[in-house]
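The values are calculated or read from the model by the stated rules, or taken from the named source; none is laboratory data. Being a predicted model, the structure only gives us computed values, none of them experimental. Here the Cβ positions follow ideal geometry from the backbone for every residue, glycine too, while neighbour counts run over all protein chains shown. When the accessible area is computed, the model is the full protein with side chains, heavy atoms only, and any ligands, DNA or RNA have been set aside. Shrake-Rupley method; radii C 1.70, N 1.55, O 1.52, S 1.80 Å.
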Amino acid sequence: MARPPERLMQLEGYNTVVTGAARGLGAAAAKRFVAEGARVVVADIDGDAANACAREIDPTGQRAIGVTCDIAEPAACDALVARAEAFFGAPIDVFCAHAGLGFAGVFHESDPAFIKRIVDVNVLGTIYSAQAALRSLVKSRQASLIFTSSLQSVTARAQRSIYTTTKHAIVGLTKALALEYAPLGVRVNAIAPASTDTPFLRGQFEFLGSKDVDQAVRDAAASMPLGWLPTPEDFANTAVFLASPAARSITGINLLLDSGAAAGIFRR
Ligand SMILES: NC(=O)c1ccc[n+]([C@@H]2O[C@H](COP(=O)([O-])OP(=O)(O)OC[C@H]3O[C@@H](n4cnc5c(N)ncnc54)[C@H](O)[C@@H]3O)[C@@H](O)[C@H]2O)c1
């Protein structure tokens, strides 16, 4: 059995927000932030799931609360930040703009309504939530904005064209905001995970017609140079690192969390 991560209290006293945190990678990061001494707002379009996740992290409601937020709505992003500042009684120190949707399918057969929704959430929603967050982050003395891109922010993949496009956009946003907000004391970075075993990945395999999703996950792991997929805990560790003082000189990077996948062509 995997050992629980060492608790180093690397984020003692930090006020953190994670979007898309009701499950998957975002939930792992939110849970870990609290284990590291932070308080967290678990934000998600699924408010019931966000509340359940927050209660699981901290049943007392002192260190974690759930908030309903559709990041594709600018007013909802503003309300999220206002709610977070009220809960913390202070500005936000770390904002993980993590929420995003997957999208797989043949490019010329893709439904325009689905294309619009994924661009609305993955690109515009990330922009709106970052805008709202930065109005608070600039007031913090330990501020960090962390995006979730993807391995497909640096490589492409057939039948993932729309998703790949949205994730390349996140890299441009990361670099531009890193430069714009460095003088204001906010570091801006992205984490680029390869396929990670979450409902997000399993849903994509199902959508593409996989008959055996467990086998598809095992095959994906076997295709990695390291032989395994990054885990939600690996994602959480990376988010803790980027948010912590250990990364104080790091801004504008898109940190690959990809088990070696982007290093080159790999055949076992
Ligand atoms: N799991 C992977 O393999 C993988 C790999 C690379 C990148 N990512 C990225 O990670 C992010 C999510 O991945 P995950 O694996 O945690 O997914 P997930 O599907 O397990 O969880 C995503 C969460 O986001 C929420 N959400 C969806 N739309 C939202 C919106 N408009 N506003 C607020 N919340 C919303 C969902 O309700 C859900 O709780 C996405 O940005 C995705 O591109 C995932």
Note to self: Would you confirm, using the coordinates I've provided, whether Val42 is without any contact (Cβ under 8 Å) to a residue 40 or more places away in the chain, in contact with a Gly (Cβ under 9 Å, 6 or more places away or on another chain), more than 23 Å from Ser244 (Cβ to Cβ) and within 15 Å of the ligand (Cβ to nearest atom)?
What the structure shows: no
Check: Do the conditions hold for Lys116, that is, is it at pLDDT 95 or above, open to solvent by 10 Å² or more (accessible area, probe 1.4 Å) and part of a loop (DSSP other than H, G, I, E, B)?
Finding: no
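Scan Ala182, Ala262, Ala192, Ala222 and give me the residue that is touching a Lys or Arg at 6+ places or on another chain (Cβ under 9 Å) and surrounded by 13 or more Cβ atoms within 10 Å (Cβ to Cβ).
The unique qualifying residue is Ala192.
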Checklist line | Residue that is nearest to Phe205 (Cα to Cα) [pool: residues in segment 121-179 that are more than 11 Å from the ligand (Cβ to nearest atom), surrounded by 22 or more Cβ atoms within 10 Å (Cβ to Cβ) and in contact (Cβ under 8 Å) with a residue 60 or more places away in the chain] | finding: Ile146
Checklist line | When residues of segment 22-48 are limited to those that are touching a Leu at 6+ places or on another chain (Cβ under 6 Å), of a type outside the set (D, E, K, R) and assigned to a loop (DSSP other than H, G, I, E, B), the one surrounded by the fewest Cβ atoms within 10 Å (Cβ to Cβ) | finding: Gly37
Item checked: Hits in segment 93-120 (condition: away from the ligand (no atom under 15 Å from the Cβ) and within 19 Å of Tyr181 (Cα to Cα)) -> Asp93, Val94
Check: Which residues, taken from segment 79-110, are of a type in the set (Asp, Glu) and open to solvent by 70 Å² or more (accessible area, probe 1.4 Å)?
Finding: Glu109
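Does Ile45 count as within 21 Å of Leu124 (Cβ to Cβ) and touching a strand residue (DSSP E or B) at 6+ places or on another chain (Cβ under 8 Å)? I'd like the intermediate steps shown before the answer.
Details: within 21 Å of Leu124 (Cβ to Cβ): yes; touching a strand residue (DSSP E or B) at 6+ places or on another chain (Cβ under 8 Å): yes.
Yes.
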Check: What number of residues within segment 180-230 are within 15 Å of the ligand (Cβ to nearest atom), touching a residue at least 40 places away in the same chain (Cβ under 8 Å) and either in contact with a strand residue (DSSP E or B) (Cβ under 7 Å, 6 or more places away or on another chain) or outside any helix (DSSP H, G or I) (or both)?
Finding: 12
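In segment 50-66, what residues are aliphatic (A, V, I, L, M) and open to solvent by 30 Å² or more (accessible area, probe 1.4 Å)?
Here is the first cut: in segment 50-66, the residues aliphatic (A, V, I, L, M) are 50, 52, 54, 57, 64-65.
Answer for segment 50-66, where residues must be aliphatic (A, V, I, L, M) and open to solvent by 30 Å² or more (accessible area, probe 1.4 Å): Ala52, Ile57.
Scan Ala86, Ala90, Ala75 and give me the residue that is assigned to a helix (DSSP H, G or I) and away from the ligand (no atom under 16 Å from the Cβ).
On the way: Ala90 fails: assigned to a helix (DSSP H, G or I); Ala75 fails: away from the ligand (no atom under 16 Å from the Cβ).
Going through Ala86, Ala90, Ala75 in turn, the sole match is Ala86.
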Notebook entry, point to check: Does Thr19 satisfy the condition of being closer than 30 Å to Glu206 by Cβ, in contact with a helix residue (DSSP H, G or I) (Cβ under 7 Å, 6 or more places away or on another chain), open to solvent by 70 Å² or more (accessible area, probe 1.4 Å) and within 15 Å of the ligand (Cβ to nearest atom)?
Noted result: no
